[in-house]
Amino acid sequence: QVQLVESGGGLVQAGGSLRLSCAASGRTFSNYAMGWFRQAPGKEREFLASISWSGGSTYDAESVKRRFTISRDNAKNTVFLQMNSLKPEDPAVYYCAAGGRWMVDTTYEYDYWGQGTQVTVSS
């Protein structure tokens, strides 16, 4: 089992930045690829970015490319999502997830999920 806890969400003005963190515990963190998703009310969960076990490779959704950056620190068992230039359409609950493959963008490819952190953007 892997336990994931997201943090760093909150209220930010449009154009601002937030850095989300996801702390992992349980099994060896570096054995897992990690991903970030978000889900807005009434919408399906949307893939944002994923990162390989070592952190050397990333895969980004076109919708957030050049604004959001995923990274990880295996020594701290933590994955991050740096979000810049936040827009009014970005509010959602943001989730991190752990799985066996990194270049995947569907929810069923990920085995473990955090409880999510809320991001709100004011215009």
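The values are calculated or read from the model by the stated rules, or taken from the named source; none is laboratory data. The structure presented is a predicted model; accordingly, all values stated were derived computationally and were not measured. Heads up, the Cβs are rebuilt from the backbone with ideal geometry, glycines too, and the neighbour counts pull from every protein chain shown. Calculation scope for accessible area: heavy atoms of the full protein, side chains included, ligands and nucleic acids excluded. Shrake-Rupley method; radii C 1.70, N 1.55, O 1.52, S 1.80 Å.
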Open item on the list: Looking at residue 60 and the list (1) under 23 Å from residue 26 (Cβ atoms); (2) out of contact with any Lys or Arg (no Cβ under 7 Å at 6 or more places or on another chain), which single condition is not satisfied?
Closed with: (1)
Task: Some residue of segment 62-71 being on the phi < 0 side of the Ramachandran plot and touching a residue at least 40 places away in the same chain (Cβ under 8 Å) - done: no
- [ ] Please tell me if residue 40 is crowded, with 16+ Cβ neighbours inside 10 Å and not β-branched (Val, Ile, Thr).
- [x] no
Task: Failed item in (1) at pLDDT below 95; (2) of a type in the set (A, V, I, L, M, F, W, C); (3) under 15 Å from residue 23 (Cα atoms), with residue 64 passing the rest - done: (3)
- [ ] Within segment 1-26, track down each residue that is assigned to a loop (DSSP other than H, G, I, E, B), in contact with a Lys or Arg (Cβ under 8 Å, 6 or more places away or on another chain) and surrounded by 15 or more Cβ atoms within 10 Å (Cβ to Cβ).
- [x] 8
Open item on the list: Show me the strands (runs of 3 or more DSSP E) found entirely inside segment 27-123 where at least 1 residues are among the β-branched types (Val, Ile, Thr) and touching a strand residue (DSSP E or B) at 6+ places or on another chain (Cβ under 8 Å).
Closed with: 46-51, 58-60, 68-73, 78-83, 92-99, 117-122
TODO: Go over the candidates 33, 24, 14, 40 one by one and state the one that is under 20 Å from residue 88 (Cβ atoms), aliphatic (A, V, I, L, M) and in contact (Cβ under 8 Å) with a residue 60 or more places away in the chain.
DONE: 14
Open item on the list: Being open to solvent by 50 Å² or more (accessible area, probe 1.4 Å) and under 11 Å from the mean Cα position of the chain (by Cα) is the filter here; which residues of segment 44-66 pass it?
Closed with: 46
